[in-house]
Amino acid sequence: MSGFYALIARYYDSEHDDKTEDFDFYRELAEETGGPLLIVGAGTGRILLNLAQAGYEVDGIEQENAMLERAMRHRDAAAKDIQQRVRFLRGDALTIALERQYQMVAIPYNTLMHFHSLDAHLGLLQRCRKWLAPGGVLAIDLPNAGDAFAAQDTGAVVLERSFLDQETGHLVMQQSVSELDRTQQLMHVTWIYDEVAADHTVKRTVAPVINRFFFYSEMRLLLERAGFEAIEVYGDLDYSDYADGCPRMVILAK
């Protein structure tokens, strides 16, 4: 996982510049719980800094140095009051030692997919349970695995999106090749970033990654094993029903 984000960190903010649909979800949840808040997989600080802007004290765990360096630059460019509410914690969520508890712990936008083994899944959820203050809530945002499992593997290179690199202004075409191991629930993806320079030459970055898909029945069992009792599931970040064809699997657990 760390090798993947080291390769694509320079494109991450440009690629996700228009991703804002989860901001309201976490802000509304924070309004219900209060702070402090914890983000597992802080990335470049997208969600964390938005919550800090709303007035919440937020910590974020991130193990990839290239992502964390960008997150710290974003924090340092923010207003002083926002900077004071943000703390980035460098380390692995499976081993890092935290000295406080939180009213909300979030594992946002596919982050849990980077944990592949049963021991890692249960270990992380047990740690989240310990990090939660009494009455706190755990939020997990994952894709609905149904569409991926129903799709036929073709081995084709797919153009996912095009965007402009914020630092260079260059056009970047993001493509992917994927193969799903349905027995292990692992998606092997090779991301291909083609950056077109001003002289029309192309710089290609190839970044392989493995993502683990989850179904709700196993998530419920894992959460119960980790000590959670009240578990709710939704089909998207707007609290719509979790039903066949829904785009996401959004879980709240206490």
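Some points to look at:
- Qualifying GluC sites (Glu not before Pro) in the stretch 1-53, where qualification requires a DSSP coil assignment and no more than 16 other C-beta atoms within 10 Å, comprise E21.
- Of all DSSP beta bridges in the chain, antiparallel share, percent nearest 5: 70
- For the stretch 119-196: rounded, prolate or oblate by the Cα gyration tensor [a/c cutoff 1.5]: oblate
- Our summary gives the stretch 147-212 a relative contact order of 25 percent, counting only alpha carbon pairs under 8 angstrom and 6 or more residues apart.
- Rel. contact order, % - alpha carbon contacts under 8 angstrom, at least six apart, the chain: 17
- Filtered GluC sites (Glu not before Pro), the stretch 149-254: DSSP coil and at most 13 other beta carbons within 10 Å: E167, E229
- Counting only Cβ charges, +1 for Lys and Arg and -1 for Asp and Glu, the dipole size of the chain around its Cα centre is about 840 debye.
- Per-residue 3J(HN,Hα) values for the stretch 183-198, derived from phi via the Karplus relation 6.51 cos²θ - 1.76 cosθ + 1.60 with θ = phi - 60°, read 6, 9, 6, 10, 9, 8, 10, 10, 8, 10, 10, 9, 9, 9, 7, 4 Hz in sequence order (x marks Gly and Pro).
A short reminder: the numbers here are calculations on the coordinates, not readings from a lab. It should be emphasised that the depicted structure is a prediction, and the values quoted were computed from it without experimental measurement. Using ideal geometry, Cβ is built from the backbone for each residue, glycine included, and neighbour counts are taken over all protein chains shown.
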